[in-house]
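A short worksheet on the structure shown next.
The values are calculated or read from the model by the stated rules, or taken from the named source; none is laboratory data. On a predicted model such as this, the values are computed, not experimentally measured, just so you know. Cβ atoms come from the backbone with ideal geometry, glycine included; neighbour counts cover every protein chain shown. Just so you know, the surface numbers come from the protein's heavy atoms only, side chains and all, with ligands and any DNA or RNA stripped out. Shrake-Rupley method; radii C 1.70, N 1.55, O 1.52, S 1.80 Å.
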Amino acid sequence: MDLRNGIGLRPLGNTPAEFEQDLLSNLYYRRGTTVESASAQDAYETLALTVRDRLAARRARTSAAQYAANPRWVYYLSAEFLFGRQLSQNLLYSNTGEVAAAALKAFGLAPGEVEELDVEPGLGNGGLGRLAACLLDAMATLDIPAVGYGIRYDFGIFKQAFADGAQVEKPDAWAFQGNPWEFPAPDDRQTVFFYGHTTRDSDGNTTWIPGEIVLGEPSHMLVPGYGTDTVNIVRLWSARGSESSFDLSRFSAGQYAEAVQEAVRAENISKVLYPDDSTELGRELRLKQQYFLVSCSLRDIIRRFRLRNAAWSEFAGKTAIQLNDTHPTLAIPELMRLLVDEEGLSWDEAWEITQRTFAYTCHTLLPEALETWPVALFERLLPRHLEIIYAINEGLLGEVRSRFPDDLDRVRRMSLIQEEPERRVRMANLAVTGTTAVNGVAELHSKLLAETTLRDFAELWPAKFRNVTNGVSPRRFVRLANPSLADLITSSLGDGGWINDLDRLEDLAPLADDPAFLSRWREIKRANKVRLGLGDPDSLTDVMVKRFHEYKRQQLKLLHVITQYHRIKNNPGGSYVPRTVLFAGKAAPAYHAAKSIIRLINAVARVVDEDAAVAPYLKIVFPPNYNVTLGELIIPAADLSEQISLAGKEASGTGNMKLALNGAITIGTLDGANIEIRDRVGADNFFLFGLDTPGATALRAAGYNPRAYYERDDELRAALDAIASGAFGGVGQEVADSLLNRDEYLTLADYRAYVDCQSEVDEAWQDQDRWTRASILNTARTGFFSADRTVRDYISTIWHVDPVHVPHP
Ligand code: F58
């Protein structure tokens, strides 16, 4: 029998009897409990193990095929992954949903009860983290050999609750009960250095003598592909103190805290996602996290490379490392350090390998969001990396000077080191310099990156700049989130193959004129609203779900809501389209202005709720703690998708794609991927309003005065006056003041166009056939936004990797 890589594994059967047998074995042998004493948690974990085993068997075959092929691998480095719940996904991907439901009956449990125990690992903030998870899903589905690398934060993104309408943040101990989906691999532990100093020998070789040593312990989760046998992995690192970090003599002397302080300090590195960076220590901890991720992952990547290859000259040909934003950018100087200091390669050889290996995705346009770190902090924490960054900078600035002689200002702008007002390392500049390709995440974003934020670099190296428009997983955001719609599509298209071939949704378009199809479509949308359980399912469900940020303009939506409230109050006998306005999202804990907007929305919701005259027409709901799980409930229930950021500020958006795919019609500006959505669904099936990017730039250049809009528009004035006068509680003054006196994101300039566009929405809604037709066409024409297409674009323009087919046994 061939035992290598699981080829000799006993196949796990999927008949009800076989599944039940395995469930029982797992309960006794792995969970260590009995049917008589099993709790719901025991049932959940046992089920998870039984499902996981089926994927692990596929993983073994994947590994065998991938190692035999010795392909170029994709390594996706990301400080964030928002995976969402695993159970329903893994039941679907292993095709065990039905047998599992039957077997659970034996425990006297319904699948729903067990599902509630499946905790979502909140290891990210928002779009960037969810994109990482969608791309891993698509890579596995497309049979691309890939590994994701991230940090296994003990505490993920905070849990949001409301107290008196204000956001309060609670810690998210997501793995408190354990996490049955991961495999700890302590033997693949890596050693990470921090602090200390460097020394040079007589040959000029540099050694870094560290001042602190921390261990990185990986555990991996399985990333199955859908409709294929490929199962990839994502490795997440936990920080641990070394064996000697426990001080027994101090412990014996009763100094219990001091005895463990070194271990605690080490473990704090992977304690929380985005530690508060308002203090010096907090900033240092964030940089430590970044280096920790990079150092552990690169060593693991090299370990994997060496299993199959010997020569460094082959490394880049076998390794494509994608940097998800600048957080993993230290991988560039770290690979240089490993190659030059530890492997003895020349600087030029190492630089060639490094540049060919890495590529960088940028997710922002806001200049203030481009990371920089104090040189002084680098000097202390990563002394060798600072030297390497200086050396890279010399090469870069040499090239700039020779291409643009006498352009000192350009040299200053492009330097990896900002000089004023404080010396800082510019991570985006480093990321562009050390990579073969730089991409934005939507067409407009990529264009603006090259024209504005990264213009100097695009002028120096135009060929480096690409666009890869984002995409989302149709598995998670259609098939799992909206099973009834998925079933309707499958029966209409004849088979379920569309889930992995999303352009086939086009074939739904002719059905948009079929009355029976229209009414089935409407029934499903209504049932999804009933399932969500917030607001009248017959009302227009108007959804704005995303992180709270002033540029995204939740304030604008709120101004429209207040205007609608005033209209109803002023004319109670009028006829109005009943709306349920749903907001959801978190604000960064230190982002005061965003938190004020949250409080104000909750306050307005309360006033509207208590007003019997308004209640039939307007309801505001704001469920707390928006996450992937809640998104999966809200998105399929949405009629209207709010994508109203100021043009030129939202890099792409991915919620816009998820909502359109689920048949919500967008009201939006010409920003991010909205433009590409509108191009595809057609102008008739998209509510466009507001300034475009050149318009916004021109308005600012001409001297924007928000007060002028306030004075000239009665409805706007009434809304702002109501806010400022405290009609909706204590925070109104602050929000109104910011809008009237600064309005950095031109909210008031877009108010009138937005409110009028919302009237068009109301009118369209009154013709339900027209609305439903547009809804169907949104789904039919947004197949482009599958993450599968995104991954194909990365492959053809950046990674140049081949799939490895995993043979079916
Ligand atoms: C988002 N960025 C973009 N950043 O805002 C969004 O337009 C885009 O669709 C998405 O990336 C995927 O490309 C984003 O989520 C963050 O969460 C930052 C992480 C680091 C701290 C500051 C926020």
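So if each residue of separation counts as 0.36 nm, and I subtract the Cα-Cα distance between Asn309 and Ser796, what length gain in nm does that give?
Values: separation 487, 0.36 × 487 = 175.32 nm, distance 2.44 nm.
Taking Asn309 through Ser796 to full extension adds about 172.9 nm, to one decimal.
Straight-line reach from Lys318: which lysines have Cα under 22 Å away, leaving out those fewer than 8 places along the same chain?
Qualifying lysines at Cα under 22 Å: Lys464.
From largest accessible area down, sort Tyr710, Tyr29, Tyr93, Tyr256; use a 1.4 Å probe on the protein chains. If you can, show how the numbers build up before the last one.
Details: Tyr710 35, Tyr29 185, Tyr93 15, Tyr256 130 Å².
Final ranking, largest accessible area leading: Tyr29, Tyr256, Tyr710, Tyr93.
For Phe477, what accessible surface area do you get with a 1.4 Å probe? Give it in Å², rounded to 10.
Only protein atoms counted, so the area is about 10 Å².
Would you tally the net charge around Thr361, using a Cβ to Cβ cut-off of less than 13 Å, leaving Thr361 out, and scoring K and R as +1, D and E as -1?
Values: positive: Lys464, Arg466; negative: Glu80, Asp325, Asp793.
Net of charged neighbours comes to -1.
Going 7 Å from the Cα of His197 in the Cα-to-Cβ direction, what parts of region 384-414 have a backbone nitrogen less than 19 Å from that spot?
Taking a point 7 Å out along Cα→Cβ of His197, the residues of region 384-414 whose backbone N falls under 19 Å are 384-388.
Under a cut-off of 16 Å between alpha-carbon atoms, report the lysines in cross-link reach of Lys569, not counting same-chain residues fewer than 8 places apart.
Lys619
So what is the diffusion coefficient of region 389-454 in µm² per second by Stokes-Einstein at 10 °C and 1.306 mPa s, using a Kirkwood Rh over Cα pairs? The partial results should precede the final answer.
Working: Rh = 12.9 Å.
After rounding, the answer is 123 µm²/s.
Count charges around Arg455 for me, please; just the other residues with Cβ under 15 Å from its Cβ, Lys/Arg as +1, Asp/Glu as -1. Provide the component values of the computation, followed by the final result.
Details: positive: Arg403, Arg410, Arg412, Arg413, Arg426, Lys447, Lys464; negative: Asp407, Asp409, Glu451, Asp456, Glu459.
Summing Lys/Arg as +1 and Asp/Glu as -1 gives +2.
Suppose all protein chains stay in the model; what accessible area per residue would a 1.4 Å probe give for the chain, in Å²?
38
Per q in 0.09, 0.11 1/Å, what log10 I(q)/I(0) does a Debye calculation on the alpha-carbon atoms of region 513-781 return?
Taking Cα atoms of region 513-781 as identical point scatterers yields -0.38, -0.58.
So if we plug the beta-carbon distance of Val264 and Arg380 into 1/(1 + (r/R0)^6) with R0 = 25 Å, what FRET efficiency do we get, rounded to 0.05? Spell out each step's value before the answer.
Values: r = 20 Å, r/R0 = 0.80.
After rounding to 0.05, the efficiency reads 0.80.
From the gyration tensor of the Cα coordinates in region 134-234, what semi-axes in whole Å does the equivalent ellipsoid have, largest first, with each one equal to sqrt(5λ)? Present the calculation step by step, with values, prior to reporting the outcome.
Details: eigenvalues 239, 139, 38 Å².
Semi-axes, largest first: 35, 26, 14 Å.
For Ala753 and Arg606, compute 0.36 nm times the residue count separating them, minus their Cα-Cα distance, and round to one decimal in nm. Write down the numbers at each step before the final one.
On the way: separation 147, 0.36 × 147 = 52.92 nm, distance 2.69 nm.
The span from Ala753 to Arg606 would gain 50.2 nm if fully extended.
Taking only the alpha-carbon positions of the chain and ignoring solvent, what does the Debye formula give for the base-10 log of I(q)/I(0) at q = 0.07, 0.10 Å⁻¹?
Per q value, in the given order, log10 I(q)/I(0) is -0.55, -1.15.
Return the subset of Lys159/Lys271; Lys557/Lys586; Lys552/Lys586; Lys525/Lys658; Lys529/Lys595; Lys170/Lys586 for which the Cα-Cα distance in this structure is over 19 Å, preserving the input order.
Details: Lys159/Lys271 15 Å; Lys557/Lys586 16 Å; Lys552/Lys586 12 Å; Lys525/Lys658 15 Å; Lys529/Lys595 28 Å; Lys170/Lys586 12 Å.
Pairs exceeding the cut-off: Lys529/Lys595.
With the convex hull built on the Cα atoms of region 212-345, state its orientation-averaged projected area in nm². Kindly include the intermediate steps, with their values, before the conclusion.
Working: hull surface 47.1 nm².
Computing the convex hull of the Cα atoms and averaging its projections yields 11.8 nm².
May I ask you to derive the relative contact order of region 513-781, considering only C-alpha pairs under 8 Å and at least 6 residues apart, and to give it as an integer percent?
Working: 423 pairs, mean separation 60.2, N = 269.
It comes to 22 percent, rounded to a whole number.
Taking the full set of protein chains and a 1.4 angstrom probe, give the accessible area of Leu691 in square angstrom, rounded to the nearest 10.
Rounded to the nearest 10, that gives 40 Å².
What do you get for chymotrypsin sites (Phe, Trp or Tyr not before Pro) in region 98-186 restricted to DSSP loop and a cutoff of at most 13 other Cβ within 10 Å of the site's Cβ?
On the way: sites: Phe107, Tyr149, Tyr153, Phe155, Phe158, Phe162, Trp174, Phe176, Trp181; in loops: Phe107, Tyr153, Phe158, Trp174, Phe176, Trp181.
Filter output for region 98-186: Phe176.
Work out the FRET efficiency for Ala527 and Ser575 from their Cβ-Cβ distance, taking R0 = 25 Å, and round it to the nearest 0.05. Please report the intermediate quantities before stating the final value.
Working: r = 27 Å, r/R0 = 1.07.
In this case the efficiency is close to 0.40.
What percent does the relative contact order of region 686-809 come to when contacts are Cα pairs within less than 8 Å and at least six residues apart? Show your work: numbers first, answer last.
Details: 60 pairs, mean separation 29.3, N = 124.
The normalised contact order for region 686-809 reaches 24 percent.
When the helix-only estimate is applied to the chain (DSSP H runs of n ≥ 4, each -39,500 (n - 2.57), divided by the residue count), what is the mean residue ellipticity at 222 nm, nearest 500 deg cm²/dmol?
Numbers: 32 runs with 363 residues, N = 809.
The helix contribution divided over the chain gives -13500 deg cm²/dmol.
Once you place label points 7 Å from the Cα toward the Cβ at Asp247 and Tyr390, how far apart are they in nm?
The answer from the label model is 3.4 nm.
Can you compute the modelled spin-label distance between Asp501 and Ala106, with each label point 7 Å from Cα toward Cβ, in nm?
Spacing of the two 7 Å Cα→Cβ label points: 3.8 nm.
Considering the alpha-carbon set of region 382-423 alone, what are its Rg and its Dmax in angstrom?
Expressed in Å, the Cα Rg and Dmax of region 382-423 come to 11.1, 33.
When the accessible area of region 513-781 is split by element with a 1.4 Å probe, what percent falls to carbon and sulfur? Mind showing how you got there, number by number?
Details: 4650 of 9400 Å².
Ligands and nucleic acids excluded, carbon and sulfur reach 50 percent.
Testing the spin-label approximation: label points 7 Å from Cα along Cα→Cβ at Gln177 and Ser519. State their distance in nm.
Output for this residue pair reads 4.3 nm.
Counting alpha carbon pairs within less than 8 Å and at least 6 residues apart, what relative contact order, in whole percent, applies to region 511-637?
Working: 145 pairs, mean separation 41.6, N = 127.
The normalised contact order for region 511-637 reaches 33 percent.
Quick one: net charge around Thr469, please, counting Lys, Arg +1 and Asp, Glu -1 for every other residue with C-beta under 10 Å from its C-beta.
Details: positive: Arg789; negative: Glu443, Glu676, Asp793.
Net of charged neighbours comes to -2.
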